[in-house]
Amino acid sequence: MKQIEGGVTAAKGFEAAGVNAGIKYKNRNDMALIFSEKPCVAAGVFTTNVVKAAPVLWDRNLIDHYDDMHAVVINAGIANACTGEEGMDYCKKTSEAAGKLFNIDASSVAVASTGVIGMQLPIDRIVNGISLLKEAKGNTLNHGHVAAQSIMTTDTKPKEIAFQFEVAGKTATIGGMCKGSGMIHPNMCTMLAYICTDCDISKEMLDRCAKTDIPDTFNMITVD
């Protein structure tokens, strides 16, 4: 295994983007997209915090009940946490808007929000931001880098990494990005992390890998 340059777009078949949608911040990007050119299997692990934001509940249901994932839409600035039924409805509207725009199933669109707790999302800006993301997306390393910058909140720098490795005589790539420099306990809490790979792997095996690996990696990190 060797480290290479890149993040979520390092693996073949993945695109990304970051744009300024005016969610909360001025003069900086605050929405990001990860897009798979083809439907891909997905696994996920989520915080064990008693209070879970609407996107956590929404995405956990998608991962548990649907086989394929096609896109992730992320906003920074407002967390969509402690927002009740309205917050859940905004998750639904975000997925539906992305599904319609990209001509994919809404059930294959995960959503994520990070930032201030208790505020409702400006859903009109979110929907408009998805259109901007569609225009901006691409598969270069810089597209992935811009996406990593766009999900930052209190982070002092973007976090991304990529590796190549051999499996069954073929070269595969894995790359990821994450955000979070505070409030990452318990078990990631408000941290967001996304890992993409072009390795041919089943959903069952991917799920096993994620759930086996996380306790000794992300869940070992604390800043408290």
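Observations on the model:
- Listed values for region 103-118 are Karplus-derived 3J(HN,Hα) couplings in whole Hz (6.51 cos²θ - 1.76 cosθ + 1.60, θ = phi - 60°), namely 6, 10, 5, 4, 6, 9, 10, 7, 10, 8, 9, 9, x, 5, 8, x, and x replaces Gly and Pro.
- Matching label, Kirkwood radius over Cα pairs in Å computed from the structure shown, candidates [x] 18.1; [y] 18.8; [z] 17.4: [z]
- Selected from Y90, Y66, Y194 as most flexible by GNM, with the chain as the system and alpha-carbon contacts under 10 Å: Y66
- Excluding same-chain neighbours fewer than eight residues apart, the aspartates and glutamates reachable from K179 by a Cα-Cα span under 13 Å are D30, D155, E160.
- Qualifying lysines (Cα of each under 20 Å from Cα of K100; at least 8 residues distant if same chain): K38, K92, K134, K137
- Accessible surface of the chain, 1.4 Å probe, proportion on carbon and sulfur as whole %: 54
- Label point 7 Å beyond Cα of E166 along Cβ direction - residues of region 176-206 with amide nitrogen under 18 Å: 199-200
- Computed over protein heavy atoms with a 1.4 Å probe, the accessible surface of region 1-85 works out to 47 Å² per residue.
- Rounded to the nearest 500, the helix-only mean residue ellipticity at 222 nm of the chain stands at -9500 deg cm²/dmol, with each DSSP H run of n ≥ 4 adding -39,500 (n - 2.57).
- Solvent-accessible area of H145 with every protein chain in place, 1.4 Å probe, in Å² to the nearest 10: 60
The values are calculated or read from the model by the stated rules, or taken from the named source; none is laboratory data. Values in this document were obtained by computation on a predicted structure and should not be read as measured data. All Cβ positions, even for glycine, are placed from backbone atoms using ideal geometry, and neighbour counts span all protein chains on display. To get the accessible areas, we keep the full protein, side chains included, count just its heavy atoms, and leave off ligands, DNA and RNA. Shrake-Rupley method; radii C 1.70, N 1.55, O 1.52, S 1.80 Å.
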